[in-house]
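The structure appears right after this line, and notes come after that.
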Amino acid sequence: MKLKAKILAAAVCAMALCVALVGCAGGGNNGDAAANFQGDWMLSGGQQDGQELDAESIKAMEDMGLYVYIQLNEGGQAVISLFGTNTDGTWEAKDATTVALTFEGDTADAKLEGDELVLSVDGSSLKFKKGTIPAEAAAGTGATDDAGQAAE
């Protein structure tokens, strides 16, 4: 599945869960700019078709073992995890506020807005804040990764 489709699917699923559950940097060169992005980024919000994904909805999803996060590791290695399905990719700081994320051959820019990393694709957006990935999310509790799904 292409990156845009995965992001759109994640946004759609998150918005559907929202409705169902609750009703409803500075830097100089690119080497320095990379420090603005490196680390773990947990889903903190988003929007699609005018519907906002809020903290209460995200908490409800996480209580069900459904996590969305991005890991931007040293050396340009990246992982995006959408509800337990992990996809490896790469990342590169374009400047102090923009990072290019590439997964499955598709590249999308994410921008720092305050303390949030905002990934916008086709009118939908997902917002992430730096944080710590819970052990149950990293272990894939309640979900499988791509390799596990292929084996089934």
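The values are calculated or read from the model by the stated rules, or taken from the named source; none is laboratory data. What you see is a predicted model; the values in this text were computed from it and never measured. Positions of Cβ are generated from backbone atoms using ideal geometry, with glycine treated the same way; all protein chains shown enter the neighbour counts. Note: areas computed on protein heavy atoms with side chains; ligands, DNA, RNA excluded. Shrake-Rupley method; radii C 1.70, N 1.55, O 1.52, S 1.80 Å.
Observations
- Failed item in (1) under 16 Å from ASP40 (Cα atoms); (2) exposed (fewer than 15 other Cβ atoms within 10 Å of the Cβ); (3) at pLDDT 90 or above, with MET64 passing the rest: (1)
- Within region 82-152, strands (runs of 3 or more DSSP E) holding 3 or more residues that are out of contact with any helix residue (DSSP H, G or I) (no Cβ under 8 Å at 6 or more places or on another chain) and modelled with pLDDT of 85 or more: 106-113, 116-121, 124-130
- Checking region 52-66 against the condition returns a match, with at least one residue being over 15 Å from the mean Cα position of the chain (by Cα) and either aromatic (Phe, Trp, Tyr) or within 15 Å of SER120 (Cα to Cα) (or both).
- Members of region 124-134 that are closer than 15 Å to ASN36 by Cβ and open to solvent by 70 Å² or more (accessible area, probe 1.4 Å): LYS129, LYS130
To keep it simple, each residue is scored yes or no on (1) within 16 Å of TRP41 (Cβ to Cβ); (2) under 13 Å from the mean Cα position of the chain (by Cα); (3) surrounded by fewer than 19 Cβ atoms within 10 Å (Cβ to Cβ).
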{"site": "LEU72", "(1), (2), (3)": "yes, yes, no"}
{"site": "ALA78", "(1), (2), (3)": "yes, yes, no"}
{"site": "ALA93", "(1), (2), (3)": "yes, no, no"}
{"site": "LEU101", "(1), (2), (3)": "yes, yes, no"}
{"site": "ALA110", "(1), (2), (3)": "yes, yes, no"}
{"site": "ASP122", "(1), (2), (3)": "no, no, yes"}
{"site": "GLU136", "(1), (2), (3)": "no, no, yes"}
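- Residue selected from region 80-91 under the condition in contact with a strand residue (DSSP E or B) (Cβ under 8 Å, 6 or more places away or on another chain) and hydroxyl-bearing (Ser, Thr, Tyr), by the criterion surrounded by the most Cβ atoms within 10 Å (Cβ to Cβ): SER81
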